[in-house]
Each structure stands twice: as C-alpha cells, then as structure tokens.
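Q: Below are the structure tokens for one structure; questions will follow.
The values are calculated or read from the model by the stated rules, or taken from the named source; none is laboratory data. Every value quoted in this text rests on a predicted model; they were computed, and no experiment measured them. As a convention, Cβ positions derive from the backbone with ideal geometry for all residues, glycine included, and neighbour counts pool all protein chains shown. Heavy atoms of the whole protein, side chains included, go into the accessibility calculation; ligands, DNA and RNA do not. Shrake-Rupley method; radii C 1.70, N 1.55, O 1.52, S 1.80 Å.
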Amino acid sequence: NPFSFVLRGLRDRDGGNCGSYYSILDLGDQRIDKLPYTIRVLLESAVRNCDEFQITKEDVEKIMGWEKTSLEQVEIPFKPSRVILQDFTGVPVLVDLASMRDAMSELGGNPDKINPMVPADLVIDHSVTANVVRSQNAIQANMELEFERNKERFAFLKWGSSAFHNMLIIPPGSGIVHQPMSMVLPGVVGFKLHGTLRDGVTATDLVLTVTQMLRKHGVVGKFVEFYGRGMEELALADRATIANMAPEYGATVGFFPVDHITLEYLKMTGREDETVSTIEAYLRANKMFVDYNEPKIEPTYSSYIELDLGDVEPCISGPKRPHDRVTLKDMKADWHACLENKIGFKGYGIPKDLQNRVVKFDFHGQTAELKHGTVVIAAITSCTNTSNPTVMIASGLVAKKAYELGLEVKPWIKTSLAPGSGVVTKYLLRSGLLKYLSDLGFNLVGYGCTTCIGNSGDLDQIVADAITENDIIAAAVLSGNRNFEGRIHPLTQANYLASPPLVVVYALAGTVDINFEEEPIGTGKGNRPIFLRDIWPSSKKVSEIVHSNVLVDMFKSTYEAITKGNPMWNQLVVPTADVYSWDPNSTYIREPPFFKGMSMDPPGPHSIKDAYCLLCFGDCVTTDHISPAGSIHKDSPAAKYLVDHSVKPGDFNSYGSRRGNYEVMMRGTFGNIRIVNKLLDGEPGPKTIHVPTREKLYVYDAAMVLNMGLEVRGTGMQNALCCWELRL
C-alpha cells in the first residue's frame, strides 16, 4: 500500500490501544476538510485498500479532488467490508418462532396448539372472531405456505452458505433489509435540517416531505447528505426511515453522519462499550464524526436544500407515486380532484355523476357498502417504518384509545401487521399495545416484505367481485415505501403511503374520502362521534412509552438468535458439493443460459435492421413497470408458462420470488397491469400492437414473433425495443 506512511495506532479516550488505522488527515491535503462526509468514507476506503492494482493512487486523487471530478462522472473503485444481498428481492413472509410463541402466550393462547389448516387467503382476515386464533393461524399458515412455495429457493441459499467462504445466510423470518449502491463518484446534495418536529408529527410525515422535496430538486445518481442542528432532534430510527426511502427520492444513498445519537443507538441495541468506544475513536481521528459542541468547517456540497422541521405537517402520499404528498387537511379535496382529473398520476377520469355512487352488497350476512375511496387493505408493513419504535408505539396507542372508545374496523377491510424486526413484537408485548392492535384486526402475520411488494394475498371474493363488477376505485393504505401502480394489489387502484398510526386511523375510518379536522372517524360508545384528535397520542406520551419499553436485552436476544433459523429451515437437507446441481424441472431456480458459449473475446455490436417499436411510454416509467415484483396475473404469459409446468394458480407466488428463473422474469418484463403503452391509445395493461399485423398481444408474445427483428442477446427476447417520450 503506497499510503502505508499514514498508518497510525488508534487510541480510545482513556488512552487504550484500539488497533491501527489509516489517517486521511495525515495525507496533509487541505481539500479533505471541505469534503462531504460521504466522500470522506469513500476516500478512507480507497486509502486503506490501495494496492496499485484494484485501487490506485490516481483513484485516491480522483476522490480527493471530488469538487471537480464529480462533475466529470468519473468511475471510482469502492471496496466495502461487507456486501448485503437480498434473496431474489422476494423476501419470504416468515416469523421468529421465539417472538411468536411469546406473543401467543401473552395474548392468552397456547403456542403449541396452532391450527395449520387455514388457507393462505384468510390468514389476515379481520372477520375471524378470536384474536389469538387469528394470529396463531395466520403465522403458522404463512410459515407453512412460504416453506412449501419457496423450499427450492431456501435450499439454494442454504447450499450457498456452505459452498462459499465468508458468506453468511440470515435465515428466513429474521427481518428485512433495503439498500442502494453506486460505483460512480457522484455529486452530493447537502440537506440542512433545523428546528423541531411539532407535537403529533411523525417520522413518516417527515420522510414523505423529504421525498417530495428531493424528487423536485432532482437527486438521481447522487448522494444526499443530511446536516445541521436539526439532526440532534432526530432519533436514529427516524433517520433510518428517511435513508431507507433513497430509492423513492432517486438518490444512490441518504446519509446521516455518525454522531452521539448513533453511538447511543449502538449501545441500546446491545453493542459492547469497548466496540462503541473504538468506533468513536476511529471516526473522530479521521474527522468522520459529528460533534455538535465543537467548531467545524461546513463541507462543500454540489447543491443545497433546507427544511425547518417545524414546517412538516401530517401527510400521506399517493395515490400512485410515493412523492405525491398530500397533507391530511387537504386530503378530501385532493381525492375528489383525483376522481375528476383525466387519467394520470393524479387522476382517474370518473364522470361527475358517478363519483359519489354507493354500492351495497351482502358480506357474509352483514350489510356492506363500497364507494370510490373505500379502504379495503390497511397494512402496517415495510422496512424501517415497522422497525421504528416511535411510530410503532404510536400505532399501538391509537389502537388502544380507539378500542376503548368503541371504534371498530369494518370486517371487509384486510388488515395486517408485519414488523421489520422481531424486536418490535417484544416491545409491543411489554407495553401491552399488541393486544389492542390485534383487537382491531392488525394481527401479526410475519416479518418481511408483505403488502408493500404485493404479498397481501387475495381479498375476500365477495369484496373482489363488488369492486370489479362496479368499477370501484378501491384504496389501500400502508406504511410502506412504494405505491406504484399495480404493485400493491390488482384491485386497489388508489394506494397511499402513511405512518403506522395513520394506517390504523384510515382503517377505522374505512375511506380516504375524509377530512379528519372536520369529520369524525366513526361513532363510538353511546353514539359519540370520535375525531382524530380524540385518539391521537402526544409526542411526549409516545416518547415515555418508548423509553420504558424498548430495552437493550430485546435487541441482544433477537440478534443472538438471528442466524439460528427455525425448525423448517434447520431441517432443510441440501447438497454439500462446491458446484450447485441445477434441477431442470425447477420453476424457481433455473441455470441462466446467458454465459453458455461465451468466448473470451466480445463479439462486437450487431446491426439492427427493419426494427419496429415494441412499446412507447410517457414519463415516470419505474422498475415496477419494467419488471414487476408482485402477483402473477392468471392470464399472463408467465402464468401460462407456470401452468404448462404443472404449477397450480394458487402456487404462482410472485414475480419477486421467481427471479431465479429467467423464463418467468422474461415473460414478466413490462408485465405491470397498469402500465400505459401509447401504442394502445391509452388503454392500460401489459400488451402492445404487433407490427405489421396490428394484432394486440402481450408484450412478451409480441417480442417472440420472429419478424419483429433481431434477437437481443442476454434476454432471449426478440428485438425488445422501447421508446420513452421525455418532457424536459
């Protein structure tokens, strides 16, 4: 390493030896003081790993000169200490058995007597009577169903844990992970925070506000670095909630430099004091630690944004994109505008005389009704929102107050609770709030991606028929990250992102067509109208419950058991060979053909002749449109492939779970049910017009027709040419 001259001994605050480190300060370059913290992280990594082969001195100079080189989009090597990969992006809905047994016992049920016969479609059905039975059945049924469906994937992963060195597999049901990464030296947007969130405003309200601001600013391919005295007011879980939305606001990463709040979180989650002390010493030595009591030079950023936390208002986002934020006070008016607006991201084109139509139907002997905006899915789900103690405790307090006042959730609304960590179950149990969430139908269904990625399961057929037969714009409200069209559920055209406590509130209200400031959520005991203000907890109350119920031992016990798995995972028998034995009959994992016959020398570019346009799109075509992760429609090319391979429709699973099979993913490309191809004159759906026959076909089928043109290497599709119309 040519930078061995800056290798130094590391001392903690007491003078103890903590090992050694590469001091970027001893490089003696004044430019370092003005570098954003994110770039300092890249610089330190490059200096430490410099070998003049993978990483050169020229690479270090590129990073050091970030202020100029970032404008040139130069490539840099980044060698992280650890790489986290998601399992096919199809995260299974499984559970931590220890946490679930604790939950069952606490709720008064026998954890050893679980009925496994409940079908998957009913596992989170609010209409079942006993809360304990609901939770037991849901958890066990989900576990058995997921292992039945995903055994091949799990076995493949378990094989990998023994076939590769230094590879750790976190077994199913342990939690959830979400990240982005880039290898290009990016611009860095400085996002300055000051002030304090108002009472009752949640971290989710803040993240939806930040997402909207960053989308408007334009941060695709850039780092976003947060700074300012407002950082002191944000708990680490709140920061993580913001950082986790980086894909939604378009950045490569949302970064909060390490400060005392970070160190406190490390201690709270069970890290040893010696480890935390070493981390602090190392970061301080390299000027990568923020100390608000010390004078410092403000870094230089590519561009700047500023937000007073006191300006953040309670809000949700939707109905079709995560950055279309709407304040609660404006929600009713915005919803009516969406109904009337022409079809688009904020419009459904519903004629005036049909906007307030009410459809009545019989729901298992109970009179029910639907109208545009009726909530049929309410899910506390997804990533950091459900690993954030503040918003999870708040949702429990809302449920408790609502239950005590006599409010109920309508039985045709599909409700669920899917925390991002087993720790959540423990502190909800300790605080006594899990019971009230369960009383309202928010039963624990597992840990991992659920509704946010389209894994909510089917609606009750009666409800589904009422929606489809009457063209109802039904709504889903979830505490997820993404609400792009076709992702959440095929029958919910309006999908809103909200904080966990607001998910509970909208479930109680049963509609998004409501002004909470003026209209009651519902009628409680004694026919008393109950308003949002009657059940919403103060920030002080939430903080008190968090501090007394979120304990270090909860994190320690959960983390210690995280790699132990559960009986079904542990009983999986897998081969021990160094090379995986591909099963030619598998519909989950197929050997990719893309490297067969590949030579050491690239073949060079191919000419494209007589090609036709396959698809023509407008703005905001997302990964969800290009490669959907949710359910596989029964009439789609992917469904036909699975049926041809003896897979029953009930076992289709999702696109996300089948990403190990290129045959399925190829057929699912541009398979989003809400995608709008301009060749179809605005008609939504995954089809196109074949040229020159003018026949309307599924996109995959059209691409397979030989006269469409040349075969595109690496996809197996014929001439998959697309056109985007960009309005700049």
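Q: Treating only the Cβ of Lys, Arg, Asp and Glu as charged (+1, +1, -1, -1), what charge dipole size does the chain show about its Cα centre? Round to the nearest 20 debye.
A: On the way: 74 positive and 86 negative charges, 81 e Å.
Dipole of the chain, to the nearest 20 debye: 380 debye.
Q: For all pairs of alpha-carbon atoms in segment 394-502, what percent lies in each bin of width 10 Å, listed from the first bin to the last filled one?
A: With a bin width of 10 Å, the distribution comes to 14, 43, 33, 9, 1.
Q: Same structure, new question: Restricting to segment 358-553, compute how many DSSP beta bridges are antiparallel as a %, nearest 5. Display every interim value, and only then the final one.
A: Working: 8 of 22 bridges.
So the antiparallel bridges in segment 358-553 amount to around 35 percent.
Q: How long is the gain from LYS540 to ASP291 if the chain were fully straight, where each residue apart is worth 0.36 nm and the alpha carbon distance is subtracted? Kindly include the intermediate steps, with their values, before the conclusion.
A: Numbers: separation 249, 0.36 × 249 = 89.64 nm, distance 2.61 nm.
That pair, LYS540 and ASP291, stretches by 87.0 nm at full extension.
Q: Rounded to the nearest 500, what is the chain's calculated 222 nm mean residue ellipticity when only DSSP H runs of at least 4 contribute -39500 (n - 2.57) each, over all residues? List each step's numbers first, then the result.
A: Values: 24 runs with 231 residues, N = 728.
Rounded to the nearest 500, it is -9000 deg cm²/dmol.
Q: Could you compute how much accessible surface GLU517 exposes when probed at 1.4 Å, giving the result in Å² to the nearest 10?
A: Near enough 120 Å² of accessible area.
Q: Tell me which of ALA399, THR209, ILE673 sits at the most positive position along the dipole axis of the chain, charges placed on C-beta atoms (Lys, Arg +1; Asp, Glu -1).
A: Ranked along the dipole, the leading option is ILE673.
Q: Related question: Calculate, for VAL552 and HIS336, the FRET efficiency according to 1/(1 + (r/R0)^6) with r their C-beta to C-beta distance and R0 56 Å; round to the nearest 0.05.
A: Numbers: r = 49 Å, r/R0 = 0.87.
Working from the Cβ atoms, E equals 0.70.
Q: To continue, here is another question. Work through the residues other than ARG48 whose Cβ is under 14 Å from its Cβ and net out their charges, Lys, Arg +1 and Asp, Glu -1. Could you put the intermediate results ahead of the total?
A: Working: positive: ARG8, ARG40, LYS57, LYS79; negative: ASP26, GLU44, ASP51, GLU52, ASP59.
Once all neighbours under 14 Å are counted, the net charge is -1.
Q: Further, regarding this structure: Quick one: compute a quarter of the convex hull surface over the Cα atoms of segment 298-380 and quote it in nm². Don't skip to the end; give the middle numbers.
A: Values: hull surface 37.9 nm².
Averaged projected hull area, Cα only: 9.5 nm².
Q: Of the listed pairs LYS320/LYS435; LYS34/LYS222; LYS158/LYS634, which have alpha-carbon separations greater than 22 Å here?
A: On the way: LYS320/LYS435 33 Å; LYS34/LYS222 18 Å; LYS158/LYS634 31 Å.
Long pairs (Cα-Cα over 22 Å): LYS320/LYS435; LYS158/LYS634.
Q: Still on this structure, I have one more. Return the sequence-ordered ³J(HN,Hα) values of segment 248-254 in whole Hz as given by the Karplus equation 6.51 cos²θ - 1.76 cosθ + 1.60 applied to θ = phi - 60°, using x for Gly and Pro.
A: Rounded to whole hertz, the list is 6, 8, x, 7, 5, 7, x.
Q: Could I ask something else about it? Using a 1.4 angstrom probe, figure out how much accessible area the chain has per residue, in square angstrom, rounded to the nearest whole. If you can, show how the numbers build up before the last one.
A: On the way: 33080 Å² over 728 residues.
Result: 45 Å² of accessible area for each residue.
Q: Now for a different question. Return the FRET efficiency for the residue pair ARG13, SER81: r is the Cβ-Cβ distance, R0 is 22 Å, and the value is rounded to the nearest 0.05. Write out the running numbers ahead of the final one.
A: Details: r = 24 Å, r/R0 = 1.10.
Rounded to the nearest 0.05, the efficiency is 0.35.
Q: Same structure, new question: Can you list the aspartates and glutamates whose alpha carbon sits under 12 Å from that of LYS564, skipping same-chain ones fewer than 8 residues off?
A: ASP96
Q: Continuing with this model, one more query. Testing the spin-label approximation: label points 7 Å from Cα along Cα→Cβ at SER20 and ASN527. State their distance in nm.
A: Spacing of the two 7 Å Cα→Cβ label points: 8.2 nm.
Q: Hey, got a sec? Which trypsin sites (Lys or Arg not before Pro) in segment 534-594 land in a DSSP loop and have at most 13 other Cβ atoms within 10 Å? Mind dumping the intermediate values first?
A: Values: sites: LYS540, LYS541, LYS556, LYS564, ARG590; in loops: LYS564, ARG590.
The qualifying sites are LYS564.
Q: Further question: Just in segment 1-80: which GluC sites (Glu not before Pro) are loop by DSSP and have at most 16 other Cβ atoms within 10 Å?
A: Numbers: sites: GLU44, GLU52, GLU58, GLU61, GLU67, GLU72, GLU75; in loops: GLU52.
Passing sites in segment 1-80 are GLU52.
Q: Same structure again: In 10 Å bins starting at 0, how do the alpha-carbon pair distances of segment 358-553 split up by percent?
A: 9, 37, 36, 15, 2, 0
Q: What's the FRET efficiency of SER586 with ALA464 using the Cβ-Cβ distance as r and R₀ = 35 Å, to the nearest 0.05? All intermediate terms of the calculation are to be shown ahead of the outcome.
A: Values: r = 31 Å, r/R0 = 0.89.
Working from the Cβ atoms, E equals 0.65.
Q: Also, quick follow-up: Tell me the label-point distance for the pair ASP701, ARG31, using the 7 Å Cα-to-Cβ offset, in nm and rounded to one decimal.
A: 5.8 nm
Q: To the nearest 10 square angstrom, how much accessible area does GLU340 have with a 1.4 angstrom probe?
A: Using a 1.4 Å probe on the heavy atoms, I get roughly 100 Å².
Q: Please report, for the Cα atoms of the chain, the Rg to one decimal and the Dmax as a whole number; what are they, in angstrom?
A: Reported Rg and Dmax, both Å: 26.4, 80.
Q: Further, regarding this structure: Out of the total accessible area of segment 358-553 (probe 1.4 Å, heavy atoms of protein only), what percent is carbon and sulfur?
A: Numbers: 2900 of 6120 Å².
Looking at segment 358-553 in its full context, I get 47 percent from C and S.
Q: Still on this structure, please answer the following. Using a 1.4 Å probe on the protein heavy atoms only, what accessible surface does TYR496 show? Give it in Å² to the nearest 10.
A: 0 Å²
Q: Continuing with the same structure: Which of VAL376, GLY448, VAL463 sits farthest toward the positive end of the charge dipole of segment 358-553, with +1 on the Cβ of Lys and Arg and -1 on the Cβ of Asp and Glu?
A: Of VAL376, GLY448, VAL463, it is GLY448.
Q: Using a 1.4 Å probe and counting only protein heavy atoms, arrange MET666, MET600, MET331, MET568 so the residue with the most accessible area comes first. Provide the component values of the computation, followed by the final result.
A: Values: MET666 25, MET600 185, MET331 0, MET568 55 Å².
Sorted descending by solvent-accessible area, the residues read MET600, MET568, MET666, MET331.
Q: Each label point is 7 Å from the Cα along the Cα-to-Cβ direction; what then is the distance between the points at VAL184 and ASN166, in nm?
A: Inter-label distance under the simple model: 2.8 nm.
Q: Okay, moving on. Under the 0.36 nm per residue contour assumption, what length would be gained going from the current alpha-carbon distance of LYS216 and GLU58 to full extension?
A: 53.4 nm
Q: Could you check what % of the DSSP bridge pairs in the chain are antiparallel, to the nearest 5? Don't skip to the answer; put the middle values down first.
A: Numbers: 26 of 58 bridges.
Expressed as a percentage, antiparallel bridges in the chain total about 45.
Q: So how do HIS645, HIS323, HIS547 rank on accessible area, 1.4 Å probe, biggest first, that is with the largest at the start? Could you put the intermediate results ahead of the total?
A: Numbers: HIS645 85, HIS323 25, HIS547 145 Å².
Largest accessible area first, the list is HIS547, HIS645, HIS323.
Q: Okay, next question. Would you mind checking which residues have amide H under 5 Å from LYS414's amide H? H placed 1.01 Å from N; only 5 or more apart, or other chain.
A: ILE377, ALA378
Q: May I ask you to list the lysines whose Cα is less than 17 Å away from that of LYS371, ignoring any residue fewer than eight positions away on the same chain?
A: Leaving aside lysines fewer than 8 places away in the same chain, those within reach of LYS371 are LYS332, LYS352, LYS360, LYS410, LYS414.
Q: Take LEU309, LEU236 and sort them by solvent-accessible surface of the protein heavy atoms, 1.4 Å probe, largest at the top. Display every interim value, and only then the final one.
A: On the way: LEU309 0, LEU236 40 Å².
Descending order: LEU236, LEU309.
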